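> Following this message is one structure expressed as structure tokens.
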Ligand SMILES: NC(=O)c1ccc[n+]([C@@H]2O[C@H](COP(=O)([O-])OP(=O)(O)OC[C@H]3O[C@@H](n4cnc5c(N)ncnc54)[C@H](O)[C@@H]3O)[C@@H](O)[C@H]2O)c1
């Protein structure tokens, strides 16, 4: 019999929905030692959070996250709020003895992230960060191939995350839906928002980043602030590119922007090794491209692997071979792994300490861009 685990979610936006969907579906597809009970949803606007709770099946609502943390009937806190709220909520949740699932990036910066790591480790509460792309089956398969040594020595890692939604100078900054443009709420622009995902995947697949050189640009310098009504300086980076050296000696090249007309969420990566290369594209997320130089010469070429067979990661739990799944399933997989780990008493990655590594890279990027110099990534 699976045990009930009572969840309290904070934030009902994009991620509030993605996570709630995962909690509702996970036990229909995975056999797990526990099952999420949607106990409470929390956000500041009572009517909106009530509407969200009714739609997704939460039993109750709170409008102050501190009240949620005081509740004895809540086992796990899910933080789906803007970046500037993660640390305060997570540290208080750890002190209240709750397990924590926190959205990415872990924190606004490294020092804040370290305090969060120390809080969960001191309280010994299970914790995880939602770097969900690790659990797209084709990306998990990439990890399997790298770990099996199929690529051999790795020479290059390349990643992009391109969008085009902030090109208009009339778009305001701050407030609901636009907090990502407000440095006080987001901490940084595309660096903490989009590159954070690329960096987490890269560290997972190819190991730590040792040193890097970055440049950032803010194309639109001033925008009206939704909360103050005034035109204010824009403090986030609209675009960021960096190149780096990994600890294993391979070279990395990363680019992210919200000014690439025509691209909505083009996350791609490619890894080139001594024997083989792999590449992946979020727009075609169920495929992994693979080239193996050891193939017979006349047959050598890029294979497009449709990652939908029963022996592909996670796929045996879904439909039948050949039928693909999508974006939302990466969140279902994360919940499944988290619950599985809880049952075994094992930490599931990326936990706070693991996600802190990405935070240190983000700090190094912003430092390098600001000071126009190569920067060593601090070791966490
Ligand atoms: N893993 C991913 O792929 C992914 C994707 C998108 C966003 N994110 C991360 O998830 C977090 C939320 O992003 P989003 O896109 O869901 O944002 P969103 O704007 O859609 O939703 C934010 C929610 O937080 C609530 N909120 C804000 N301040 C609050 C407070 N003090 N107390 C309670 N509720 C508060 C808002 O009312 C809203 O419900 C961010 O950290 C973001 O970086 C991760």
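The values are calculated or read from the model by the stated rules, or taken from the named source; none is laboratory data. Just so it is clear, the structure is predicted and the values come from calculations on it, not from any experiment. Backbone-built Cβ (ideal geometry, glycine too); neighbour counts: all protein chains shown.
> Cβ contacts < 9 Å: first residue more than 20 Å from residue 106 (Cα to Cα), restricted to the stretch 168-190; second residue away from the ligand (no atom under 13 Å from the Cβ) and part of a helix (DSSP H, G or I), any location; separation 6+ or different chain. Result?
Every condition considered, the pairs that remain are 173/183.
> For residue 283, which of the numbered conditions (1) in a loop (DSSP other than H, G, I, E, B); (2) surrounded by fewer than 17 Cβ atoms within 10 Å (Cβ to Cβ) fails to hold?
Exception for residue 283: condition (1).
> Could you tell me whether the stretch 71-79 includes any residue that is within 13 Å of the ligand (Cβ to nearest atom), free of Cβ contacts under 8 Å to residues at least 60 places away in the same chain and surrounded by fewer than 20 Cβ atoms within 10 Å (Cβ to Cβ)? Reasoning before the result, please.
Residues of the stretch 71-79 within 13 Å of the ligand (Cβ to nearest atom): 77-79.
Next cut, free of Cβ contacts under 8 Å to residues at least 60 places away in the same chain only: none.
No - not one qualifying residue is present in the stretch 71-79.
> Confirm whether residue 128 is closer than 21 Å to residue 349 by Cβ, crowded, with 21+ Cβ neighbours inside 10 Å, within 16 Å of the ligand (Cβ to nearest atom) and assigned by TED's automatic domain parsing to the domain that holds residue 90. Quick ask: steps written out before the conclusion?
On the way: closer than 21 Å to residue 349 by Cβ: yes; crowded, with 21+ Cβ neighbours inside 10 Å: yes; within 16 Å of the ligand (Cβ to nearest atom): yes; assigned by TED's automatic domain parsing to the domain that holds residue 90: yes.
So residue 128 fits the description; yes.
> Right, something else. For the stretch 204-239, what are the residues that are within 16 Å of the ligand (Cβ to nearest atom) and in a helix (DSSP H, G or I)?
204
Yes or no, residue by residue, for (1) surrounded by fewer than 22 Cβ atoms within 10 Å (Cβ to Cβ); (2) outside the structural domain of residue 125 (by TED's automatic domain parsing); (3) closer than 30 Å to residue 360 by Cβ; (4) touching a residue at least 60 places away in the same chain (Cβ under 8 Å):
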| site | (1), (2), (3), (4) |
| --- | --- |
| 11 | no, no, yes, yes |
| 49 | no, no, no, no |
| 67 | yes, no, no, no |
| 106 | no, no, yes, yes |
